[in-house]
Every structure is written in C-alpha cells, then in structure tokens.
Amino acid sequence: MDDLAGFLRTRRSRVDPAAVGIPTDSRRRVAGLRREEVAHLSGVSVDYYVRLEQGRATQPSEQVLDALARVLGLDETERGHLYRLARQRRRPAKAPGGRLRPELLRLLDLVADAPALIMNHRLDVLAGNRLAGLLYGRPIPGLNTARHIFLEETERGLYGDWDACTLDVVGHLRLAAGKHPDDPRLASLIGELAMGSERFRRLWARADVRARTHGRKAYRHPLVGLLELHQENFALPDESGMELIVLSAAPDSPTEDGLRLLTGLGAESAAASLPANTQVHEDQRLAARTAPDAGQ
C-alpha cells in the first residue's frame, strides 16, 4: 500500500534547490532535487540512494534516515512516517482490533451536549452518541468517514470545508497504511476510494501524510445550518488505534444554539415515532415533572 521508495521520490520532487544552496537556471528540467543532489547533501553514495528509490536497498541506518529527513525538509509527522516505512520489512505491525469496551459506550452516552464518536485507524465510526447520529443524519453503525466524504458527499454537502477535509483524510490514511501495511481491510478501502474518486486518486499520488489533530470543523447541516465546531481527539489506550472524538461548540455561540435546536428536533422526531400509548405516558411523565408542587 505504501513504500519507502515512492515516499522518497515524492518528497525529493518538492524540495526547492535554491533553499538548499543549489543554483538553478532556465535549463533545469527536474522538479525538485536530482537523486545525486540528495545523495551528496545526505552524505551517502549516489548508488546507494538510487537503490533506495528503486526499492533495492533495505534497512537504512538511523543516521541515513536522519540525514534524508533533514535534506528533504520533513516535518515531525513525515519523519515518523519515513522511519516506519524503513522498518516495515523488519517488523510489520499487526492491525489493531476493533472491540469496544462497555465502559467506552457508557462514556459516549455521558456526553450529552456535543457530538461524540469513537473511530479506528481506517476511519470507521465504531460508535457514537445520539447527537453524532443527528449531525450525520444517518445511523452511526456502518459509517466510514473517508467513504462518506469521497463517495457520498460533495463540495456542497455536509462538510463546510470539503477540500480541507479530503486532504486530512488522505493524509491520515497514508499514515495508517505506513503503520499497517498488511491490513487487508485498509487496503480494500483505499482501493475502493481510488476506484470511485478522481480527487482521492490525485491526492493519494502526492503521498502526503497528516496526523489527525484538534481544530475547527465546519458542517452545513440541512436542518440547522452552519455548525462551527471544535474537534478534540483523545487516543484510547492499549494501542487499539481508536480515538474518542468530541465536537464541541463555543459557549453562547450560534453553533451552541444550533446544537440545541438539533437535539430538540431529534427529540421531536423520536417522540413522533413512538407508539401512541407510549407517547401518552411520556407526556404524562413530563407534565408531572413540570407541574407545581401539590402542597403549595
């Protein structure tokens, strides 16, 4: 699904020669650095670097990887990805399981005022609270956010910044592929996305990697309008590869009002679907709760 040779080629093509002290002129036809330039700047032989890019050299040393990361200008996420790719043949990582502890499901139900969900490294949503289901407007079981973004939604759909979301999804899946190259379900998902989305194919070919982090997430909900939420990611223990994701609204904001409205609409919809006698009992219970004390 991913390999060291391909990653090195894409990173090399993005380095500005002038930024590393190599003069250029109009006759230069190579995008980024040449192989021999990377080799020279990294302190390795040209033959060895060529073999790395051809996939014929294995197990480069930490010193070589450090030098390549420096010359190619890799950030922290890309550097970690480079090291994982170099170690793949030595110690393939087993794909983590997806079993959810009952305590995690109870925790989701405790989050009442914000959409909250649990997601694995393939971007499968394994569980979500009631407000998460209302946000996505569909049952949570079976939802994969990568498939949802690329194959089910468009630029005018649920995601307020669809372009940025697609970059994040592809970058995350690249990281996941580097960590779990032998995960058949992940490989199948990537193949499905490549077959069904031209944008996914173009972004995947760039080999960008991105860590999933906190930040602003905007949604255009068909019932309550724009929701500008803040996403926080909490990695779950035991190397499960799962994360708890909570999408919160700023206090006293239009988005907070929108979430309240969405919760109310969901409650009305649920009440309307109850059998008639159940609805009567619910109405009676609510009236009893709000009625004045009989002793007053």
Hey, among Asp3, Asp25, Asp75, which residue is modelled with pLDDT of 90 or more, of a type outside the set (Phe, Trp, Tyr) and surrounded by fewer than 18 Cβ atoms within 10 Å (Cβ to Cβ)?
Asp75
In the range 109-122, how many residues are touching a residue at least 60 places away in the same chain (Cβ under 8 Å) and assigned to a loop (DSSP other than H, G, I, E, B)?
7
Looking only at residues that are of a type in the set (Gly, Ala, Ser) and more than 17 Å from Thr145 (Cβ to Cβ) in the range 195-208, which one is farthest from the chain's Cα centre (by Cα)?
Ala205
Search the range 205-229 for residues that are on the phi > 0 side of the Ramachandran plot and pair each with any residue that is surrounded by 12 or more Cβ atoms within 10 Å (Cβ to Cβ) when their beta-carbon atoms are under 7 Å apart and the residues are at least 6 apart or on different chains.
Ala207/Gly6; Ala207/Phe7; Ala207/Thr10; Ala207/Arg174; Gly215/Gln231; Gly225/Gly258
Taking the range 19-36, which residues are part of a helix (DSSP H, G or I) and either in the same structural domain as Lys179 (by TED's automatic domain parsing) or within 24 Å of Thr77 (Cα to Cα) (or both)?
Ala19, Val20, Arg35
Residue count for the range 1-18, restricted to those that are part of a loop (DSSP other than H, G, I, E, B), touching a residue at least 60 places away in the same chain (Cβ under 8 Å) and of a type in the set (D, E, K, R)
2
Residue match in the range 138-157 (condition: closer than 22 Å to Pro237 by Cβ and touching a residue at least 40 places away in the same chain (Cβ under 8 Å))
no
Taking the stated definitions as given, is Arg212 among the charged types (D, E, K, R), closer than 28 Å to Leu107 by Cα and within 13 Å of the chain's Cα centre (by Cα)?
yes
Failed condition for Gly157, given (1) surrounded by 14 or more Cβ atoms within 10 Å (Cβ to Cβ); (2) in contact with a helix residue (DSSP H, G or I) (Cβ under 6 Å, 6 or more places away or on another chain); (3) of a type outside the set (S, T, N, Q)
(2)
Is at least one residue of the range 81-96 under 24 Å from Leu227 (Cα atoms) and more than 16 Å from the chain's Cα centre (by Cα)?
no
Tell me whether the range 249-266 contains one or more residues that are loosely packed, with under 12 Cβ neighbours inside 10 Å and within 19 Å of the chain's Cα centre (by Cα).
no
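The values are calculated or read from the model by the stated rules, or taken from the named source; none is laboratory data. A quick note: this is a predicted structure, and the numbers were derived from the prediction, not measured. Heads up, the Cβs are rebuilt from the backbone with ideal geometry, glycines too, and the neighbour counts pull from every protein chain shown.
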